[in-house]
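K.L.:
If you scroll down you'll find the structure; I have some questions about it.
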Amino acid sequence: MTLLAPEKVSSRLSHAVNDSLVLTMRHLRHIPRIPELLVFSIVQPIMFVLLFAFVFGGAIQVAGGGYRSYLMAGIFAQTVAFNGASTGVGLAEDMAKGLIDRFRSLPMARSAVLAGRTLSDLLRTVLILIVMSVCGLAVGWRTHTSALSITGGFLLLLLFGFAMSWIGAWIGLIVPSTEVANTAGFIWLFPLTFMSNAFVPIQTMPSWLQTVVAWNPISATVQAVRTAFGNTGVAPTRGFWPLEHAAVVSVGWSIVLIVGFGVLAVRRYRTASSR
Amino acid sequence: MGVAIRAEGLVKRYGSVVALDGMSLQVEEATVLGLLGPNGAGKTTAVRVLTTLLDPDSGTAEVAGFDVRRHPDEVRRRIGLSGQYAAIDEYLTGRENLQMVGRLYHLGKAHSRERAAELLERFDLVDAGDRIAKTYSGGMRRRLDLAASLVASPPVLFLDEPTTGLDPRSRLGMWDVISGLVRDGTTVLLTTQYLEEADRLADTIAVVDHGRVIASGTADELKSQVGGDRLDLVVTAGSPLETAAAVLSAICGVAPTVDQHSRRLLGPVAGGAGTLIEAIRLLDEAGVGIDDLALRRPSLDDVFLSLTGHHSEDETVAPTSRRQRRQAERSTS
Ligand SMILES: Nc1ncnc2c1ncn2[C@@H]1O[C@H](COP(=O)(O)OP(=O)(O)OP(=O)(O)O)[C@@H](O)[C@H]1O
Ligand SMILES: [Mg+2]
């Protein structure tokens, strides 16, 4: 490929932005027209908050604070991760319906279909986080830090969700059908979220597992969010480097995942085909 | 006049299936090429290669002056595609679908809106334009999909079975739209399994089978390849077919084909109307009852049969009502 003239680069960039926004709008229009989708993606996290609060709430002793408060960051991260993965289902559907073929025959930016989808899913995640927070407050969850710190915590969650969305996008493009996307898109999230500090303190696990868990991107995110909300209790992180620098590690993980899976997904999109 | 579409030696394999086996074709500007072939012939695969959706294993293709592999974006700017299955967003209205496509062609907001309104009008979708497409019938989806391919008024248009699933009125409407576009200078490549459609719309027809073009030319050229006129006789019930066959053999010089079930005999003839009169006289003398006797120019169906050795519809898996009707017609006539 030859070097592009600067004006060509800038028009390309403005096209990429335009195309992504057009597609983001497309997905936002869908929301009120498929209300069930939004309702269920909100009901699920509410259900999790309530289940964990009342079923597990008293089961585990976390030094220095209630288990409910300790749990909230874990449930936030889990929800954000699952929500990101649902990006793939939407893409697999577009593929099955031949819409990806149509988009690929248009002179639009190669990244736009994916960016439009991940961006609109990010907006949906914002909404879900708001609903969950209200629900959490109702069952006794409290933050103990400044507004700035709390905002930072939510931003970390959104960034992480955005990263998961790109993994989902890639999976959505490699699976052969919507049905497969519905299982393959989620199954890996169970070990990912449970082999983390989201629900139980890392100290309760066998030591060989602790290293894995400490390096799990979910763990760093949960740890950083707990700190940002003041919900850590006395869950010691000493000895686990990624957890001692949780915020930085979480951001790092997210960026690496966005770039890595962004490249993989866009590359896949270039040759993606409905059959 | 320039060449709008040119393909040379396209090959595409899927494992052991050879979807394209050295397909070459050429379409002059402002003309229609009809790609005619049975199921699995490779029509869709050819369209997908020419519209940059699929990389061929080998061969080259140029559309609107640009190589599809080296300059796909330039090609995409100049083409419209309506695939075999309608590709529309079911949760957007017809109007929103068209506006979205306009925005993705970078037509600008106002122009996209204008185009959407124009096209809804043209495709008889004004009343349904503000309903979500999920509520559309199959034919309406098809029309919306075609409208979407025209949003940017592209100079080259690819239509993969554009009238499959349309009712007769919509089909005629579609033919008019396509003819109008070509009059205004658009080049069209359309695929079809309907011989009459190719006959009616296409300036040139390329007959495709097993991934290659096995014959091409105008409808008339193809018909004359098959040979001259044929005598088409239907014998009344009760009359002996053998006698009728013997009479036709004498007239045609070769044994006619005989369909026992429909009591129909077909044989090639050289002469014109005189042959017909002679045939009536001879059949009458032999005591053969005549239900129907006609001199027929070969149809494209005959062309197909003689080129491929099978009917154009042989491999049809799920016959449409249209095909069933045709088959019903055949067996009762
Ligand atoms: N993705 C694919 N994987 C495997 N085989 C394929 C694929 N796409 C097409 N084929 C095969 O390639 C051949 C040509 O298919 P194609 O869809 O181009 O035919 P067609 O002429 O469009 O048929 P139809 O009239 O049924 O639409 C068929 O045998 C088909 O099974
Ligand atoms: Mg096809």
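The values are calculated or read from the model by the stated rules, or taken from the named source; none is laboratory data. Bear in mind that the values here come from a model prediction, so they are computed numbers and not experimental data. Every residue, glycine among them, receives a Cβ derived from its backbone with ideal geometry; neighbour counts consider all protein chains shown. Each accessible area value is taken on the protein alone, full model and side chains, heavy atoms only, with ligands, DNA and RNA left out. Shrake-Rupley method; radii C 1.70, N 1.55, O 1.52, S 1.80 Å.
K.L.:
Regarding the stretch B:102-122, can at least one residue be identified that is under 23 Å from B:Val47 (Cα atoms) and either of a type in the set (Ser, Thr, Tyr) or open to solvent by 40 Å² or more (accessible area, probe 1.4 Å) (or both)?
P.N.:
yes
K.L.:
Sticking with this one: Just a yes or no: is a residue in the stretch B:124-135 among the small types (Gly, Ala, Ser), touching a helix residue (DSSP H, G or I) at 6+ places or on another chain (Cβ under 9 Å) and either open to solvent by 30 Å² or more (accessible area, probe 1.4 Å) or free of Cβ contacts under 8 Å to residues at least 40 places away in the same chain (or both)?
P.N.:
Going through the stretch B:124-135, the residues among the small types (Gly, Ala, Ser) turn out to be B:128-129, B:133.
Filter once more, so that each one left must be touching a helix residue (DSSP H, G or I) at 6+ places or on another chain (Cβ under 9 Å): B:128-129, B:133.
Okay, now just the ones that are also either open to solvent by 30 Å² or more (accessible area, probe 1.4 Å) or free of Cβ contacts under 8 Å to residues at least 40 places away in the same chain (or both), so B:128-129.
Scanning the stretch B:124-135, I find at least one residue that is among the small types (Gly, Ala, Ser), touching a helix residue (DSSP H, G or I) at 6+ places or on another chain (Cβ under 9 Å) and either open to solvent by 30 Å² or more (accessible area, probe 1.4 Å) or free of Cβ contacts under 8 Å to residues at least 40 places away in the same chain (or both), so the answer is yes.
K.L.:
Could you tell me whether A:Thr79 is under 30 Å from B:Thr135 (Cβ atoms), away from every other protein chain (no Cβ under 14 Å) and at pLDDT 90 or above?
P.N.:
For A:Thr79, the condition - under 30 Å from B:Thr135 (Cβ atoms), away from every other protein chain (no Cβ under 14 Å) and at pLDDT 90 or above - is not met.
K.L.:
Here is a list: B:Gly59, B:Gly94. Which entry is buried (at least 24 other Cβ atoms within 10 Å of the Cβ) and more than 13 Å from chain A (Cβ to nearest Cβ)? I'd like the intermediate steps shown before the answer.
P.N.:
Values: B:Gly59 fails: buried (at least 24 other Cβ atoms within 10 Å of the Cβ).
Matching residue, one of B:Gly59, B:Gly94: B:Gly94.
K.L.:
Another question, then. Can you pull out the residues in the stretch B:196-230 that are charged (D, E, K, R), open to solvent by less than 20 Å² (accessible area, probe 1.4 Å) and assigned to a helix (DSSP H, G or I)?
P.N.:
B:Glu197
K.L.:
Only one of B:Asp284, B:Asp291, B:Asp302 is among the charged types (D, E, K, R), modelled with pLDDT of 85 or more and surrounded by 13 or more Cβ atoms within 10 Å (Cβ to Cβ). Can you tell me which?
P.N.:
Numbers: B:Asp284 fails: surrounded by 13 or more Cβ atoms within 10 Å (Cβ to Cβ); B:Asp302 fails: modelled with pLDDT of 85 or more.
The unique qualifying residue is B:Asp291.
K.L.:
Follow-up. Can you confirm whether A:Ser86 is at pLDDT 85 or above, away from chain B (no Cβ under 14 Å) and either open to solvent by 20 Å² or more (accessible area, probe 1.4 Å) or part of a helix (DSSP H, G or I) (or both)?
P.N.:
In short, yes.
K.L.:
Give me the pairs: first residue in the stretch B:157-168 and small (Gly, Ala, Ser) and within 13 Å of ligand 1 (Cβ to nearest atom), second residue part of a strand (DSSP E or B) and open to solvent by 50 Å² or more (accessible area, probe 1.4 Å), beta-carbon distance under 6 Å, and six or more apart or on different chains, which are they?
P.N.:
The qualifying pairs do not exist here.
K.L.:
If I ask for residues that are crowded, with 21+ Cβ neighbours inside 10 Å and at pLDDT below 90, which ones from the stretch A:182-196 would you list?
P.N.:
Once the filter is applied, which keeps residues that are crowded, with 21+ Cβ neighbours inside 10 Å and at pLDDT below 90, the stretch A:182-196 yields only A:Gly185.
K.L.:
When you scan the stretch A:100-123, do you find a residue that is aromatic (Phe, Trp, Tyr), closer than 21 Å to A:Leu28 by Cα and within 14 Å of chain B (Cβ to nearest Cβ), even just one? Quick ask: steps written out before the conclusion?
P.N.:
Narrowing the stretch A:100-123 to residues aromatic (Phe, Trp, Tyr): A:103.
Subsequent filtering for residues that are closer than 21 Å to A:Leu28 by Cα retains A:103.
Still in the list and also within 14 Å of chain B (Cβ to nearest Cβ): A:103.
Yes, because at least one residue in the stretch A:100-123 is aromatic (Phe, Trp, Tyr), closer than 21 Å to A:Leu28 by Cα and within 14 Å of chain B (Cβ to nearest Cβ).
K.L.:
Can you find even one residue in the stretch A:36-59 that is buried (at least 20 other Cβ atoms within 10 Å of the Cβ) and either among the acidic types (Asp, Glu) or not in a helix (DSSP H, G or I) (or both)?
P.N.:
no
K.L.:
Condition first: open to solvent by 60 Å² or more (accessible area, probe 1.4 Å) and either touching a residue at least 12 places away in the same chain (Cβ under 8 Å) or at the interface with chain B (Cβ under 9 Å from one of its Cβ atoms) (or both). Now tell me which residues in the stretch A:12-27 satisfy that.
P.N.:
Answer for the stretch A:12-27, where residues must be open to solvent by 60 Å² or more (accessible area, probe 1.4 Å) and either touching a residue at least 12 places away in the same chain (Cβ under 8 Å) or at the interface with chain B (Cβ under 9 Å from one of its Cβ atoms) (or both): A:Arg12, A:His15, A:Leu21, A:Met25.
K.L.:
Which one of these does A:Pro206 not meet: (1) exposed (fewer than 14 other Cβ atoms within 10 Å of the Cβ); (2) within 20 Å of A:Thr118 (Cβ to Cβ)?
P.N.:
Of everything listed in (1) exposed (fewer than 14 other Cβ atoms within 10 Å of the Cβ); (2) within 20 Å of A:Thr118 (Cβ to Cβ), A:Pro206 misses just condition (2).
K.L.:
Can you pull out every residue in the stretch B:154-190 that is within 16 Å of ligand 2 (Cβ to nearest atom) and either part of a helix (DSSP H, G or I) or within 14 Å of chain A (Cβ to nearest Cβ) (or both)?
P.N.:
If the condition is that a residue be within 16 Å of ligand 2 (Cβ to nearest atom) and either part of a helix (DSSP H, G or I) or within 14 Å of chain A (Cβ to nearest Cβ) (or both), then B:Phe158, B:Leu159, B:Asp160, B:Glu161, B:Leu189 are the ones that fit.
K.L.:
Can I ask one more? Considering only residues that are surrounded by fewer than 20 Cβ atoms within 10 Å (Cβ to Cβ) and assigned to a strand (DSSP E or B), which ones fall in the stretch B:231-263?
P.N.:
If the condition is that a residue be surrounded by fewer than 20 Cβ atoms within 10 Å (Cβ to Cβ) and assigned to a strand (DSSP E or B), then B:Asp232, B:Val234, B:Thr257, B:Val258, B:Asp259 are the ones that fit.
K.L.:
Also: Could you list all residues from the stretch B:1-21 that are open to solvent by 20 Å² or more (accessible area, probe 1.4 Å) and away from ligand 1 (no atom under 14 Å from the Cβ)?
P.N.:
B:Met1, B:Gly2, B:Val3, B:Arg6, B:Glu8, B:Gly9
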